[in-house]
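No value in this document is a laboratory result; all are computed from the given coordinates. Computed from a prediction, not measured in an experiment: that's the story for all the values here. Glycine gets a Cβ as well: all are built from the backbone with ideal geometry, and neighbour counts include every protein chain shown.
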Amino acid sequence: MMAAEQDPSQAKATDSAARTAPSNLAPPILLYQLATGHYLSRALFVAAKLGIADLLKDGPRYYEELAKATETHPPSLRRMMRLLASVGVFAEQENGTFALTPAGECLRTGVPGSSRAMVMLFAGNRMHDNWGDLEYSVKTGEPAFRRRGLTDVFQDPLRTPEDDATFDAAMADLTRLTAIAVAAAYNFKSVTTLVDVGGGNGALIVGILKANPALRGIVFDQPAAAERAKAQISQNGLEGRCQAVGGDFFKEVTAGGDAYILKHVIHDWDDDRARAILRNCHKAMTPQGKLLIVEGVYPSRIDWSHESRGAAANDCNMLVATGGRQRSEDEFRSLYQAAGFRLTTIVPTAARVSVIEGVRA
């Protein structure tokens, strides 16, 4: 169709898209910023690893002081911090000192809302290596670790204790916020025993139990994770209401719960393995049991919103890192049906995840 003969509805859609462009920058400049995004992620990782934010917790400091404390080259550290100051992570003062911003505060260790471990995970070397194989994943449909002949990313022999500790800490920080949002959005009053499948160190169930004093809980995960969960349960004084059990959810899960919750577990796996996990939950739960998956629901159409970008980015990360995927409402419905469940409702939360509820069909 010639331009002069363009369908008016198409022209209107094009005009609307142009008016809602994600940036007022000229297209070449926008593309340049996107292409160099790794500059910032790597600088953020180094700043988190060096503990710069913790060194600034008591107030602004000169870069020479920070370099001495971190055993770095002073002029080079200053250059990196100025890059991060340009996007609001730090603030460069008129006297040449650097101070924390609200974003920088979140790089501190052990503060409410800390994101340091999350930065260490998602901007770290292993994640960058995975994304370096994006072309392989796009061409083959396989995650990056398959290129090295592995069948399970969670059994990668190159994973170090430091990698595991970073992963656990990042998931715990993110999960604490999610637990608050889930407890506020979903009504657990009809649940007696909640089983957290793949519950890691127990941060989710600890948060939910604290908000629901009558509820009892079980964390089910690999034996090493279950041991870490026992420590969290004890530290939070919940030994009388919660226990941790080790096992393999591809074989079986703890029986007897009347609700089974899986947060950011199913998106790690392809449909076949996801069904296997859900079928084991189906076998284990009471006849009136509920299935609760806590994940983002992939939108039917991607636009230029932050929500769309988050969903699409997470989906591509699952492609390269685990072989899993984000799923839409229809895809969750089909997955539930194949595992013997009926999807009943989707409850949004303030944490950009939803509680996707199902019952035995």
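Values computed for the structure shown
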| read-out | value |
| --- | --- |
| Lys, Arg +1 and Asp, Glu -1 on Cβ, resulting dipole of the chain about Cα centre, debye, nearest 20 | 540 debye |
| Relative contact order of the stretch 174-360, pairs being alpha-carbon contacts under 8 Å that are 6 or more residues apart, as % | 21 percent |
| Equivalent ellipsoid semi-axes, the stretch 174-360, via Cα gyration tensor eigenvalues times 5, rooted, Å | 25, 18, 16 |
| Ranking of 316, 106, 281, 242 by count of other Cβ atoms within 10 Å, fewest first | 316, 106, 242, 281 |
| Phi-based couplings in Hz for the stretch 310-320 (Karplus 6.51, -1.76, 1.60; Gly and Pro marked x) | x, 5, 5, 5, 5, 4, 5, 5, 5, 4, 7 |
| Shape of the stretch 203-263, Cα gyration tensor, a/c cut at 1.5 | oblate |
| The stretch 136-208 - convex hull of alpha carbons, volume per residue in Å³ | 140 Å³ |
| Of 326, 190, 72, farthest towards positive along the dipole that unit charges on Lys, Arg, Asp, Glu beta carbons give the chain | 190 |
| Relative packing of 64-77, 288-301, 328-341, which averages over residues the other C-beta atoms within 10 Å, highest first | 288-301, 328-341, 64-77 |
| ³J(HN,Hα) computed for each position of the stretch 120-136 - Karplus, 6.51 cos²θ - 1.76 cosθ + 1.60, integer Hz, glycine/proline x | 4, 6, 7, 9, x, 4, 5, 5, 5, 5, 4, 5, x, 9, 4, 4, 4 |
| Percent antiparallel among DSSP beta bridges (both partners in the stretch 174-360, rounded to 5) | 40 percent |
| Translational D in µm²/s for the chain (Stokes-Einstein at 10 °C, 1.306 mPa s, Kirkwood Rh from C-alpha pairs) | 70 µm²/s |
| The stretch 28-107: radius of gyration over Cα atoms, expressed as a fraction of 2.2 N^0.38 Å | 1.08 |
| Cα-based Lys proximity count in the chain, under 18 Å, for pairs eight or more positions apart or on separate chains | 9 |
| Packing-based exposure ordering (other Cβ within 10 Å, fewest first) of 114, 234 | 234, 114 |
| Amide H contacts under 5 Å for residue 297, placed H, 5+ residues apart | 354 |
| Fewest-first sequence of 87, 206 by Cβ atoms within 10 Å of each Cβ | 87, 206 |
| Environment charge of residue 147, counting only residues whose C-beta is closer than 15 Å and scoring Lys/Arg +1, Asp/Glu -1 | -2 |
| Span from the the stretch 267-332 Cα centroid across to the the stretch 95-147 one, whole angstrom | 21 Å |
| Protection-proxy order for peptides 354-360, 31-37, each taking the mean of Cβ atoms within 10 Å per residue, highest first | 354-360, 31-37 |
| Expected-Rg normalisation [2.2 N^0.38 Å, Cα atoms] applied to the stretch 244-340 | 1.15 |
| Antiparallel bridge percentage (DSSP; both residues within the chain; nearest 5) | 50 percent |
